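The values are calculated or read from the model by the stated rules, or taken from the named source; none is laboratory data. All figures in this text were calculated on a predicted structure; none of them were measured in a lab. Positions of Cβ are backbone-derived with ideal geometry, glycine not excepted, and every protein chain shown enters the neighbour counts. The area values use the complete protein model at the heavy-atom level, side chains included, leaving out ligands, DNA and RNA. Shrake-Rupley method; radii C 1.70, N 1.55, O 1.52, S 1.80 Å.
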Amino acid sequence: MSRIPEDELEFRFFRSGGPGGQNVNKVSTSVQMRFDVKNSPSLTDPVKERLMKLAGSRLTLDGVIVITAVRFRTQERNRADAIARLDEMVAEASVRPVYRVPTRPTRASKERRLKGKSTRSTIKSGRGKPSLD
């Protein structure tokens, strides 16, 4: 199920290399899908921000995500692949990140750490050459 209505997506088809034999020279099977994130009414502002961060190099300066699908030999499968990849990105951007609440170490944990350090120190100091005293 697509999270974004199809009327917000713009498709362009062009000829591509790759598998397909002589067919690639005649049929426009590659798909370039464009989705205007900035002006999309179907996404909330926090999701838009996270989606634009996730898009990385696929995002243009105008806030448009460009996804090129050339994996399959047919236009329909490439189109479905591009939509699926965008849906995956939107699903990932829809998850609100969980921020860690900083906590301080307890007194007992500090004491355990210092006791462990001193124990280790005595073990290591006993490894040296014996003194001639």
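Each residue of region 60-76 was assigned a 3J(HN,Hα) from its phi angle through the Karplus curve 6.51 cos²θ - 1.76 cosθ + 1.60 (θ = phi - 60°); the sequence is 8, 5, 7, x, 10, 8, 10, 10, 9, 10, 10, 5, 10, 8, 10, 4, 5 Hz, with glycine and proline shown as x.
By a 1.4 Å probe calculation restricted to protein chains, SER94 has an accessible surface near 50 Å², given to the nearest 10.
Computed from the Kirkwood radius of its Cα pairs, the Stokes-Einstein diffusion coefficient for region 36-81 at 20 °C and 1.002 mPa s stands at 181 µm²/s.
Over the chain, what percent of the accessible surface lies on carbon and sulfur atoms, probe 1.4 Å?
Working: 5330 of 10170 Å².
That fraction is 52 percent.
Residues VAL98, VAL64, VAL27, sorted by accessible area with the largest first, give VAL98, VAL27, VAL64 [1.4 Å probe; ligands and nucleic acids excluded].
For the chain, the 222 nm mean residue ellipticity estimated from helices alone, with every DSSP H stretch of n ≥ 4 adding -39500 (n - 2.57) and the total spread over all residues, rounds to -12500 deg cm²/dmol. If you sort GLU6, GLU49 by accessible surface, 1.4 Å probe, largest first, the order is GLU49, GLU6.
Computed packing ranks the peptides 66-78, 108-120 as 66-78, 108-120, most packed first, by mean other Cβ atoms within 10 Å. Projecting the Cα positions of GLY56, TYR99, SER131 onto the charge dipole of the chain (unit charges on Cβ atoms of Lys, Arg, Asp and Glu, taken about the Cα centre) puts SER131 furthest along the positive direction.
Report the charge-dipole magnitude of the chain in Debye, nearest 20, computed about the Cα centre from +1 at each Lys and Arg Cβ and -1 at each Asp and Glu Cβ.
Once rounded to the nearest 20, the dipole reads 1540 debye.
Computed over region 48-100, relative contact order equals 36 percent, with contacts defined as Cα pairs under 8 Å that lie 6+ residues apart. Structural descriptor for region 25-113: relative contact order 34 percent, calculated from alpha carbon pairs under 8 angstrom and at least 6 residues apart. Between the residues SER118, SER30, ALA69, the greatest Cα displacement towards the positive end of the dipole of the chain, with unit charges on the Cβ of Lys, Arg, Asp and Glu, is found for SER118.
Note on region 44-133: Kirkwood hydrodynamic radius from all Cα pairs is 18.9 Å, rounded to one decimal. A full extension of the chain between ARG12 and VAL66 corresponds to an added length of 18.4 nm, given 0.36 nm per residue minus the alpha carbon distance.
Summarising the label geometry, the points placed 7 Å from Cα in the beta-carbon direction at ALA108 and THR44 lie 4.0 nm from one another.
Accessible surface for the chain, divided over its residues, is 76 Å² per residue with a 1.4 Å probe.
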